[in-house]
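The values are calculated or read from the model by the stated rules, or taken from the named source; none is laboratory data. Computed from a prediction, not measured in an experiment: that's the story for all the values here. In this analysis, Cβ positions are derived from the backbone assuming ideal geometry, glycine residues included, and neighbour counts consider all displayed protein chains. These area figures cover heavy atoms from the full protein model, side chains too; ligands, DNA and RNA do not enter into them. Shrake-Rupley method; radii C 1.70, N 1.55, O 1.52, S 1.80 Å.
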Amino acid sequence: MNKEEQEILNALSIMYIEDDNSIRSSVTKTLSLIFKDVLTFENAEDAFIQFKSEKPDIILSDINLPNMSGIEFSKLVRNVDYNIPIILLTAYTNKEILLEATKLKLISYVVKPVVFDELYESFKLAAKDIIRTSNNHLIFSNHTKYDVQAKLLYLNNKEVNMTSSENRLLEIFIKNLNKTVSINDIKDQLWDDSYDATDSALKSVLNKLRSKIGKNSIKNVSGMGYYLVTSSSLH
């Protein structure tokens with residue numbers, strides 16, 4: 001797994017559904033080493049209720065669950081979110097199940113008992129898929145995620161409030177991604193009135209934005225300006 005894929009997984013949450021308590025406990029310990037947050041459930045009904053509010057980044061589910069199967073759960077999820085990576089687990093290689101699963105845009109289909117090397121390969125594929133579909137999102141060092149299209153910042157799927165100045169400053173950096181923006185250019189774009197564009201005012205907005213997206217997400221180039229650092233970039 002390359003660095004970008006690893007950083008993506010480290011910043012994401014995974015929803016894991018397994019009705020066997022011992023298996024769920026064992027696998028959860030491993031998932032906790034890979035992902036930022038692990039949401040565990042023993043049935044698909046409770047998982048789907050939480051899915052709509054928690055909005056996990058990846059789903060790992062057993063197929064053979066009581067009442068609602070992993071296939072049925074995945075169909076409900078796909079009605080809400082067509083892009084979230086889904087990995088299904090099963091102890092059986094039933095052709096009908098396999099055929100049904102192929103219609104769900106799965107990342108992979110892993111046969112139990114789980115071999116963690118195989119599961120890890122599935123997570124790598126999920127990371128690549130997230131990178132591919134994240135062209136409208138940026139992830140920062142403190143795991144906040146910025147929706148470029150909606151111009152909203154999230155932490156753990158909850159919106160982080162930004163002032164208009166903080167938002168404008170972030171947009172300036174995004175428009176100049178991978179470039180150092182001079183202090184004068186930032187001031188010119190951030191304030192209409194040069195009277196307001198003082199060094200102290202700029203420092204204040206920079207510090208407030210850093211407090212929300214992570215101190216290391218905005219780097220200073222001495223005597224030149226500032227640039228934005230992200231874990232995943234626009235494609």
Taking the range 157-192 and the residues there that are assigned to a strand (DSSP E or B) and without any contact (Cβ under 8 Å) to a residue 40 or more places away in the chain, the one that is farthest from TYR227 (Cα to Cα) would be LYS158
Among (1) surrounded by fewer than 17 Cβ atoms within 10 Å (Cβ to Cβ); (2) touching a Leu at 6+ places or on another chain (Cβ under 7 Å); (3) among the β-branched types (Val, Ile, Thr), ILE186 falls short only on (1)
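For every residue, the table says whether it meets (1) among the acidic types (Asp, Glu); (2) farther than 22 Å from ILE139 by Cβ; (3) assigned to a helix (DSSP H, G or I).
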residue	(1), (2), (3)
THR30	no, yes, yes
PHE51	no, no, yes
MET68	no, yes, no
PHE73	no, yes, yes
Taking the range 75-97 and keeping residues surrounded by 18 or more Cβ atoms within 10 Å (Cβ to Cβ) and either in a loop (DSSP other than H, G, I, E, B) or touching a Cys at 6+ places or on another chain (Cβ under 8 Å) (or both) leaves ILE84, PRO85
Looking across the range 203-235 at residues that are charged (D, E, K, R) and crowded, with 16+ Cβ neighbours inside 10 Å, the single one that is farthest from the chain's Cα centre (by Cα) is ARG210
task: Consider SER200 carefully, then state whether it is of a type in the set (Gly, Ala, Ser) and open to solvent by 30 Å² or more (accessible area, probe 1.4 Å).
output: yes
Taking the condition without any contact (Cβ under 8 Å) to a residue 12 or more places away in the chain and assigned to a strand (DSSP E or B), does LYS203 pass? no
Residue hits (the range 29-46; of a type in the set (A, V, I, L, M) and surrounded by 14 or more Cβ atoms within 10 Å (Cβ to Cβ)) are LEU31, ILE34, VAL38, LEU39, ALA44
Per the filter on the range 121-151, residues open to solvent by 60 Å² or more (accessible area, probe 1.4 Å), touching a Ser or Thr at 6+ places or on another chain (Cβ under 9 Å), touching a residue at least 24 places away in the same chain (Cβ under 8 Å) and part of a helix (DSSP H, G or I) are LEU125
Of the candidates TYR154, TYR109, TYR195, the one satisfying the condition of being at pLDDT 80 or above, part of a strand (DSSP E or B), open to solvent by 60 Å² or more (accessible area, probe 1.4 Å) and among the aromatic types (Phe, Trp, Tyr) is TYR154
